[in-house]
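Structure, as structure tokens:
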2 protein chains.
Amino acid sequence: MSILVVGSVAFDSIRTPHGNVDRCLGGAATHFALAASFFTQVRVIGVVGEDFTSENEAVFHARNIDTQGIERAAGNSFHWTGEYRENLNEAQTLSTDLNVFESFQPKIPEAYRDSEFLFLANIDPVLQQRVHKQMPNVKMVCGDTMNYWITGHGENLAHVLRDLDALLINDGEAKLLAQEPNLVRAAERIMEMGPKTLIVKHGEYGSTAFFGEKSFATPVKNQFFRAPAMPLAEIIDPTGAGDSFAGGFFGYLASQPAVTPAVFKRAMFYGGVMGSFAVERFGTERVQQLTREEIDQRFARFRELSHLDGN
Amino acid sequence: MSILVVGSVAFDSIRTPHGNVDRCLGGAATHFALAASFFTQVRVIGVVGEDFTSENEAVFHARNIDTQGIERAAGNSFHWTGEYRENLNEAQTLSTDLNVFESFQPKIPEAYRDSEFLFLANIDPVLQQRVHKQMPNVKMVCGDTMNYWITGHGENLAHVLRDLDALLINDGEAKLLAQEPNLVRAAERIMEMGPKTLIVKHGEYGSTAFFGEKSFATPVKNQFFRAPAMPLAEIIDPTGAGDSFAGGFFGYLASQPAVTPAVFKRAMFYGGVMGSFAVERFGTERVQQLTREEIDQRFARFRELSHLDGN
């Protein structure tokens with residue numbers, strides 16, 4: 001079934017201990033869409049400027065991603081410049097040029113209306129909310145956010161959280177949002193804000209799902225599920241790892257006939273798998289070149305490295 | 001089969017956000033021995049002062065731990081004072097009074113000579129080395145260390161590392177020892193120093209085993225194995241969690257007829273299980289009161305929360 005994602009389509013300039021890239025294709029919606037495209041049909045809502053080339057667009061089309069919801073506006077595309085030092089878990093933002101995103105009014109093409117899965121990637125919660133309101137009948141809606149929106153736009157974010165099936169954020173964001181240093185208690189507080197399930201991404205340590213009473217796929221007898229990450233000798237560029245996780249997770253969910261506990265767990269593993277590929281090259285480079293066979297091989301590897309019995 | 005452990009038997013004064021305790025029974029060998037005692041016979045080499053009471057000793061005997069290798073010396077027992085603030089992963093040491101440990105010369109009772117498993121808990125590598133030299137025929141030897149020995153006593157530590165079947169340390173210690181921020185590359189360097197297997201403890205995120213070419217239990221097709229930790233709403237006192245992990249891990253290994261890959265993986269899970277109990281109360285309180293049934297119930301829980309399929 002189709003996923004509609006709203007979020008940034010952008011250019012990133014990135015410095016890591018492994019080198020620099022200038023203005024490579026990036027943005028949360030881009031990373032999400034590419035990862036999810038290996039599992040299901042993806043449609044993108046976003047805005048780009050006059051600097052967005054047909055070559056950039058071809059990256060989406062090569063993965064059969066529908067781009068008719070990507071609006072062209074006068075001016076430049078969103079441009080983020082960031083740096084990672086020794087601690088590859090945390091980016092230092094050097095500059096954020098919103099450009100065409102400053103006045104973006106998301107509109108949903110008619111052909112997108114039958115999308116059953118909605119992902120609200122990390123953008124202004126006002127935009128997330130506007131898109132969700134236009135898609136009241138989706139089967140499942142998940143979202144992401146970040147410190148900037150949590151601290152400065154809490155009230156707008158609260159509206160978005162209220163209706164989420166699952167929120168996907170990292171440890172620091174969860175603790176900040178809940179104002180609580182213990183992750184289990186933070187998860188409880190966040191689920192009181194609305195999300196039926198909370199997925200916390202731990203970077204190189206994997207991810208944990210916390211299931212609330214109304215979770216759509218509570219595994220019997222369990223409040224949590226933990227999926228591993230794979231230890232990697234080379235992390236070239238962590239940018240987009242979290243969005244790729246979300247794309248793998250939600251893409252796999254959307255591809256299945258029903259969201260059972262077993263499907264949910266496998267989706268967490270696929271999230272980790274897609275995140276582990278994303279960091280192997282700068283920007284979208286690695287995921288662009290990926291095959292479904294490589295994905296399933298790594299899925300098997302994730303299983304082996306975390307399961308007591310063979311398989 | 002019997003495990004011999006050498007390490008500190010001490011008193012700890014601990015402050016955490018949940019309260020304070022003064023001079024509770026602690027020390028790496030104590031926490032290790034109590035955890036391992038649920039799986040196999042444990043024998044302790046250490047030294048205590050005149051302040052060590054028969055009540056303290058009874059804690060060991062209640063778990064059938066052999067204490068004839070715990071020497072009594074004039075003076076006071078080792079006393080550590082530490083504090084945990086919001087970040088429960090890291091203790092601030094307020095004071096370390098070595099006392100009777102300053103002049104400790106470990107001697108191995110005749111009755112301990114047939115021990116087949118040796119654990120060198122976190123103490124001066126000179127003492128670790130001295131004990132290992134007196135036990136040249138053990139089947140397997142594992143050890144722990146910490147930043148203090150890595151930075152200030154590197155040469156002595158190098159002698160200990162050379163002969164280890166497995167080293168068990170945490171993320172920060174591994175990166176410091178290898179002088180390398182990437183954990184996979186750090187593990188490779190550390191295994192070049194001697195340990196055939198490296199187990200890195202990630203606190204609330206579980207643990208990872210890195211297998212070298214000479215590892216005693218390399219799972220087929222895998223360089224790593226990851227065991228989970230259980231998300232806990234209340235961490236009362238993290239002191240001894242790492243030692244309890246080591247006790248659960250090594251105790252289970254020693255209890256099995258052979259160290260196969262399957263046994264090794266289960267041992268990692270038992271390590272996580274014992275660590276998760278240790279932090280539920282101050283000092284040794286929780287582990288003292290534990291039953292094997294509770295341990296196996298939690299083991300089943302660890303399996304459920306990390307495995308794709310039901311049991």
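Tabulated results
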quantity: Given (1) touching a Phe, Trp or Tyr at 6+ places or on another chain (Cβ under 9 Å); (2) within 12 Å of another protein chain (Cβ to nearest Cβ); (3) over 19 Å from A:A233 (Cβ atoms), index of the condition B:P238 fails; calculated: (2)
quantity: Residue match in the stretch B:131-141 (condition: without any contact (Cβ under 8 Å) to a residue 40 or more places away in the chain and closer than 30 Å to A:E204 by Cα); calculated: yes
quantity: Residue satisfying condition, being crowded, with 19+ Cβ neighbours inside 10 Å, within 14 Å of chain B (Cβ to nearest Cβ), β-branched (V, I, T) and touching a residue at least 40 places away in the same chain (Cβ under 8 Å), within set A:V287, A:V279; calculated: A:V279
quantity: Pairs, first on the phi > 0 side of the Ramachandran plot in the stretch A:166-182, second among the basic types (K, R), C-beta under 8 Å, six or more apart; calculated: A:Q179/A:R189
quantity: Residues satisfying the stated conditions in the stretch B:164-182, i.e. within 13 Å of chain A (Cβ to nearest Cβ) and in contact with an Asp or Glu (Cβ under 7 Å, 6 or more places away or on another chain); calculated: B:P181
quantity: Within the stretch A:265-308, tally of residues that are touching a helix residue (DSSP H, G or I) at 6+ places or on another chain (Cβ under 7 Å), assigned to a loop (DSSP other than H, G, I, E, B) and not hydroxyl-bearing (S, T, Y); calculated: 4
quantity: Candidates B:E204, B:E234, filtered to the one that is more than 20 Å from the chain's Cα centre (by Cα) and in contact (Cβ under 8 Å) with a residue 60 or more places away in the chain; calculated: B:E234
quantity: Residue count, the stretch A:65-112 (criterion: hydrophobic (A, V, I, L, M, F, W, C) and in a loop (DSSP other than H, G, I, E, B)); calculated: 8
quantity: Condition check for B:I108: touching a residue at least 40 places away in the same chain (Cβ under 8 Å), buried (at least 22 other Cβ atoms within 10 Å of the Cβ) and β-branched (V, I, T); calculated: no
quantity: Inter-residue pairs, beta-carbon under 8 Å, first within 14 Å of chain B (Cβ to nearest Cβ) and in the stretch A:69-98, second in a strand (DSSP E or B) and crowded, with 17+ Cβ neighbours inside 10 Å, 6+ apart; calculated: A:Y84/A:I14; A:Y84/A:R15; A:Y84/A:T16; A:L88/A:T16
quantity: Complete set of residues in the stretch A:197-213 that are at pLDDT 95 or above and assigned to a loop (DSSP other than H, G, I, E, B); calculated: A:H202, A:G206
quantity: Candidates A:R72, A:R63, filtered to the one that is within 19 Å of the chain's Cα centre (by Cα) and among the charged types (D, E, K, R); calculated: A:R63
quantity: The stretch A:301-311 - residue that is more than 7 Å from chain B (Cβ to nearest Cβ) and either aromatic (F, W, Y) or surrounded by 13 or more Cβ atoms within 10 Å (Cβ to Cβ) (or both) and, of those, farthest from the chain's Cα centre (by Cα); calculated: A:R301
quantity: Tally of residues being closer than 20 Å to A:Y205 by Cα and more than 14 Å from chain B (Cβ to nearest Cβ) across the stretch A:259-276; calculated: 2
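The values are calculated or read from the model by the stated rules, or taken from the named source; none is laboratory data. The model shown is predicted, which means the values in this text are computed figures rather than measured ones. Note that each Cβ is placed from the backbone with ideal geometry, even for glycine, and that neighbours are counted across all protein chains shown.
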